[in-house]
Amino acid sequence: MSAPGTAREEHQAMEFSVTKSALLNELSTTQGVVERKTTIPILSNLLVEAKGSQLTITATDLELSVRTSCEAKIKKEGAGTIPAKKLLELVRLLPEGEIKVKLLENHWVEIVSDRKKYKLVGMAKENFPALPAMPHTLVKIPAAIMESLIAKTKFAISMEESRYTLNGGLLILKPDTLAMVATDGHRLALAETDQKLAGLNGEVKVLIPKKAMDEVEKLASAAGSDASIEFAKDESHLFFQVGHRLLISRILTGQFPNYEAVLPRDNNKTVVLERAELSDAVRRVSQLADQRSHAVKLAVSKEGVEISASSPEYGEAKENIEKDYQGDAISIGFNSSYMLDFLAAAADGPISIELKDEQSAGQMRPLADESYRYRYIIMPMRI
């Protein structure tokens, strides 16, 4: 009757060695996903699996999961869970070189580096949530484009949990174009670029939660400019495979607003200003704006653009930017924080500010970056 016992002992055994740099690289990738304050203890652990010559590390918070791998010398195949934060902090402090990891009894994990020995309290791997399998790749998206679309839109995502359909970005895939749009009801960012997407017949729209967008952006950035993201989806999940790293996110459910209805059609009062000059002026003037509303006023006339703000507690600020302007004079108020968010993401160079009247949304577009059609719509404020 010894066979089952032997099998169980083998099952418990996991032993491998890996270089500090390889392990640290992958552990860092998981940190944005691991739950810090969790009511489910297993979620603050990583699932570590040793097989063949690969070490696979998985983290999840049930909404978002990441699986990554690196080369390792596997002495005994197996799997176990290790506290994510403690493991990262420890590995970060260890010297360069080889780290030996061994699964002990009671799910404890021994870590040895040279003459240093540590034991971490793990948990039963059976409690670690199973991840859905990645379905057939729908389309390959250049990583650099995805990173850029996210950076151009994610700041406009709503932070209000009650408006959960706005807690993410809408990715719109068409056979020849890629676009992303985000809004919080007060402003909207839309970025689009031309890109042939092989194998795509119609239009695909998916809502990506903000935390997933942050992680996709990090993965894309780490993968380098020539990498591509294999994108897939099932009924409830989105899959982003970037090289040896896989990110799985729950789809945000609900109806994203009809954003095309809010895109301005006849904003015919246009003034073009340099991004840096406008950004610096708004940043300075907003120091004296009302702390709650952050409102600054743009007065556009034949003399140019006057940017001003005032508050009873701080005082008032006025700056003038000389500019040729032939249209009717107009004064309009905007939230300075919203303006600065966009100006930080926009390409350097001229920015077109397109207005209609005091009560209608304004539109801003960077003119320097020709590879993206990028527009930012911002609701006016009473001043």
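We did not get these values from a lab; they are worked out from the coordinates using the rules stated. The shown structure was predicted, so the numbers you read here are calculated from the model rather than taken from an experiment. Cβ sites come from the backbone with ideal geometry, for glycine too, and all protein chains shown count toward neighbours.
Between Ala198 and Glu274, full extension at 0.36 nm per residue minus the direct alpha carbon distance yields a gain of 23.6 nm. Per-residue packing, averaged as other Cβ atoms within 10 Å, sorts the ranges 337-344, 283-290 into the order 337-344, 283-290, beginning with the highest. In the chain the Cα-Cα distances spread across 20 Å bins starting at 0 as 25, 43, 26, 6, 0 percent of all pairs. For region 139-259, the Kirkwood radius over C-alpha pairs fed into Stokes-Einstein at 10 °C and 1.306 mPa s yields D = 111 µm² per second.
Taken along its three principal axes, the alpha carbon spread of region 73-204 comes to 56, 36, 32 Å, from the longest extent down to the shortest.
Its Cα centre serving as origin, region 169-261 has a Cβ charge dipole (Lys and Arg +1, Asp and Glu -1) of approximately 220 debye.
Counting only Cβ charges, +1 for Lys and Arg and -1 for Asp and Glu, the dipole size of region 252-356 around its Cα centre is about 220 debye. Length gained on full extension, Asp234 to Asp266, computed as 0.36 nm times the residue gap minus the Cα-Cα distance: 7.5 nm.
At a Förster radius of 30 Å, what calculated FRET efficiency corresponds to the Cβ-Cβ distance of Tyr259 and Gln291, to the nearest 0.05? Working shown, then result.
On the way: r = 30 Å, r/R0 = 1.00.
Result of the calculation: an efficiency of 0.50.
For region 2-127, evaluate the Debye formula with one uniform point scatterer on each Cα (no solvent term) and list log10 I(q)/I(0) at q = 0.13, 0.17, 0.19 Å⁻¹, rounded to two decimals. For the requested q values the scattering log ratios are -0.48, -0.83, -1.04. Placing a label point 7 Å from the Cα of Ser21 along the Cα-to-Cβ direction, the residues of region 211-254 with a backbone N closer than 19 Å are 222-224, 244.
Dipole size in debye (nearest 20) for the chain around its Cα centre, Lys and Arg Cβ +1, Asp and Glu Cβ -1?
Magnitude of the dipole: close to 1180 debye.
Relative contact order of the chain, taken over Cα pairs closer than 8 Å and 6 or more residues apart, is 12 percent. Just so you know, the Rg over Rh for region 134-201 is 1.03, from Cα atoms, with Rh as the Kirkwood radius. Measuring nothing but how far apart in sequence close Cα pairs (under 8 Å, 6+ apart) lie, relative to its length, region 2-127 scores a relative contact order of 29 percent.
In this rough spin-label picture, where each label sits 7 Å from Cα along the Cβ direction, the Arg36-Glu319 distance is 3.3 nm. Could you give log10 I(q)/I(0) at q = 0.12, 0.15 Å⁻¹ for region 264-378, computed by the Debye formula over C-alpha point scatterers of equal weight, without solvent? The Cα Debye sum returns log10 ratios of -0.39, -0.61.
Per residue, what volume in Å³ does the Cα convex hull of region 200-356 take up? List each step's numbers first, then the result.
Numbers: hull volume 28.7 nm³, N = 157.
That works out to 183 Å³ per residue.
Note on region 252-360: dipole from Cβ charges, positive end direction compared against Ala329, Leu340, Ala276; the farthest Cα belongs to Leu340.
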